[in-house]
């Protein structure tokens, strides 16, 4: 790791050893090459115009148009990735901020130049379209065209589409109002710890403060945080209500039966998948209730409150894990995925410089995986030896990167991007395999308690909590579709009933917690959070199959990773042995939770 001065100053970018930074030369060798490609693309975009009005003439014409569009999209993706990865290295670097803005403008020009393509394809008669889709000239576009054609019943006349397009900017207003209020205007003040230190209370610090072992401090932080939401509750409820009504307006305008049906249509997800999730989780909450009772007893509390949910259980010996050690551990943990997978990943993480490893001044915080077609699937990290989660984050992002790697190798550009619905599966499979490996290779009781509790918390927050949010979205949209006014009291009452159901009387629910529904940003992108829950459920099922030494499970999973955007998400998951049209994957995940709670209880009793 790069050396730091005694006062632990964050190094400048230029002070990092080059081998610890990502190598972007496979994207562009330098800025000059990026500039040349930018200018070339700017001149090529208008070439799309020659196909306008001619897409119904022949399969050859349609194929030529789609191939040019893909070629232009591939180039703009490469320009975008380079600009944004360079900008992520140092957010104070205005040069790459400019690159990012310029390529966004180019993207807008391409969107405008290609805007006629979808309407013209939809306007082709059914007879001719069927003949086109069977043509050998369009074989590689067959699924693309089939999927595009699904939208025809929900595509309006040119005049109606124009009106909806004009409304686009205004329809995002509720979300923008929420963001401004939530991120800029709400002020949570400072709070003193028992040593008298003042700590700023914010969205970023709230979650960390909820882990503080001082219960009085946690309680004060909780009520101070929610006091701000109480004071702005009417505004926040009006904003959320407007967002829900917008969802319903667009669903009805496009001839969908409900906002839920509209939201699930794009990825071709049947409504039964959503309802299976809600029912399967709610019918299997007993292990979770056992965990809440266990947590209450271990913390020696008369009543468990929301501010007691994040306090760590177990005190493992603190240890530093260097980046290279983390790679060793991760690749050992992922050996069940096969020699090829591990070899490619190890080389990428260590030798081929996929990863920008450490923090430097101005670098983007957090972590992400991102690349472009036929270039490395890069990972941004802010790895810290002393933070265990750094290793888990690296394993998580490596899952995304390997998904991208296999998809890019197997698919043509227009099928190389996997859908959001399956995006978190590969990353979570990696985490599952890692935690399983760590549990098998430690004899420390405290370490096992810590790891099991970590996994339970992951299931609690990703499967149970997100399903709870998904039910709230369904309930509130259904109420609005039935004509019920969405007032502050409507939201509070609906959320309270859901809290009661999902905690089953095992936690005292403070009235302030009813306002939690007003602070969740995802509710402004309705019917998205359920994907977190289906994703972790799918990952647990896949990991269990792989760890059972079923060689077909490994092969199926690697095939799944190679599918990219070819095929619908549910079909892809069936390739990996997961059928979300049935309750089974959710049941497997909840059974896994039950196993972990039982093991935790056994260890704590010892």
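The values are calculated or read from the model by the stated rules, or taken from the named source; none is laboratory data. Here the structure is a predicted model, which is why all the values come from computation and not from measurement. With ideal geometry, Cβ positions are generated from the backbone for all residues, glycine too; neighbour counts draw on all protein chains shown.
Listed conditions (1) in a helix (DSSP H, G or I); (2) touching a residue at least 60 places away in the same chain (Cβ under 8 Å); (3) buried (at least 17 other Cβ atoms within 10 Å of the Cβ); (4) under 27 Å from the mean Cα position of the chain (by Cα) are all met by residue 221, apart from (4). From the list 306, 326, the one residue that fits, being more than 21 Å from residue 391 (Cβ to Cβ), buried (at least 16 other Cβ atoms within 10 Å of the Cβ), within 25 Å of the chain's Cα centre (by Cα) and in contact (Cβ under 8 Å) with a residue 12 or more places away in the chain, is 306. For the range 314-335, indicate whether the set of residues that are farther than 30 Å from residue 351 by Cβ, part of a helix (DSSP H, G or I) and at pLDDT below 95 is non-empty. Within the range 314-335, not a single residue is farther than 30 Å from residue 351 by Cβ, part of a helix (DSSP H, G or I) and at pLDDT below 95. Filtering 280, 242 for residues that are part of a helix (DSSP H, G or I) and not assigned by TED's automatic domain parsing to the domain that holds residue 460 leaves a single hit, 242. Residues considered: 458, 447. Of these, the only one that is in a helix (DSSP H, G or I), under 23 Å from residue 602 (Cα atoms) and more than 25 Å from the chain's Cα centre (by Cα) is 447. Taking residue 541 and the conditions (1) in contact (Cβ under 8 Å) with a residue 60 or more places away in the chain; (2) part of a helix (DSSP H, G or I); (3) crowded, with 24+ Cβ neighbours inside 10 Å, which numbered condition does it fall short on, given that it satisfies the others? Condition not satisfied by residue 541: (1). Residues in the range 522-538 that are in a helix (DSSP H, G or I) and at positive phi: none.
Hey, can you tell me all the residues within the range 415-444 that are more than 21 Å from the chain's Cα centre (by Cα) and in contact (Cβ under 8 Å) with a residue 60 or more places away in the chain? Show your work before the answer.
Here is the first cut: in the range 415-444, the residues more than 21 Å from the chain's Cα centre (by Cα) are 436-444.
Within the range 415-444, 436, 437, 438, 444 qualify.
Screening residue 402 on (1) modelled with pLDDT of 95 or more; (2) under 18 Å from the mean Cα position of the chain (by Cα); (3) surrounded by fewer than 23 Cβ atoms within 10 Å (Cβ to Cβ); (4) closer than 14 Å to residue 561 by Cα shows it passes everything except condition (3).
Anything in the range 76-106 that is in contact with a helix residue (DSSP H, G or I) (Cβ under 8 Å, 6 or more places away or on another chain), within 14 Å of residue 41 (Cβ to Cβ) and surrounded by 17 or more Cβ atoms within 10 Å (Cβ to Cβ)? List them, or say none. Of everything in the range 76-106, those that are in contact with a helix residue (DSSP H, G or I) (Cβ under 8 Å, 6 or more places away or on another chain), within 14 Å of residue 41 (Cβ to Cβ) and surrounded by 17 or more Cβ atoms within 10 Å (Cβ to Cβ) turn out to be 76, 78, 79, 80, 82, 83, 99, 103, 106.
If only residues of the range 186-199 that are loosely packed, with under 14 Cβ neighbours inside 10 Å and free of Cβ contacts under 8 Å to residues at least 12 places away in the same chain are counted, the one that is farthest from residue 229 (Cα to Cα) is 195.
Residue under question is residue 168, and the condition is that it be part of a helix (DSSP H, G or I), within 26 Å of residue 527 (Cβ to Cβ) and without any contact (Cβ under 8 Å) to a residue 12 or more places away in the chain; does it hold?
Details: part of a helix (DSSP H, G or I): yes; within 26 Å of residue 527 (Cβ to Cβ): yes; without any contact (Cβ under 8 Å) to a residue 12 or more places away in the chain: yes.
The answer is yes for residue 168.
Going residue by residue through the range 434-449, is there one that turns out to be in contact with a helix residue (DSSP H, G or I) (Cβ under 7 Å, 6 or more places away or on another chain), crowded, with 17+ Cβ neighbours inside 10 Å and assigned by TED's automatic domain parsing to the domain that holds residue 277? Looking through the range 434-449, at least one residue is in contact with a helix residue (DSSP H, G or I) (Cβ under 7 Å, 6 or more places away or on another chain), crowded, with 17+ Cβ neighbours inside 10 Å and assigned by TED's automatic domain parsing to the domain that holds residue 277. Just one of (1) part of a helix (DSSP H, G or I); (2) touching a helix residue (DSSP H, G or I) at 6+ places or on another chain (Cβ under 9 Å); (3) surrounded by fewer than 20 Cβ atoms within 10 Å (Cβ to Cβ) fails for residue 207. It is (2). Inclusion of residue 125 among residues that are farther than 21 Å from residue 412 by Cβ and loosely packed, with under 13 Cβ neighbours inside 10 Å is warranted. Among residues that are within 30 Å of residue 373 (Cα to Cα) and in a helix (DSSP H, G or I), residue 491 is not included. Of the helices (runs of 4 or more DSSP H) lying entirely inside the range 54-145, those containing at least 2 residues that are more than 32 Å from the chain's Cα centre (by Cα), under 23 Å from residue 564 (Cα atoms) and in the same structural domain as residue 27 (by TED's automatic domain parsing) are 59-89. Residues in the range 561-594 that are part of a loop (DSSP other than H, G, I, E, B), over 30 Å from residue 289 (Cα atoms) and out of contact with any helix residue (DSSP H, G or I) (no Cβ under 6 Å at 6 or more places or on another chain): 567, 568.
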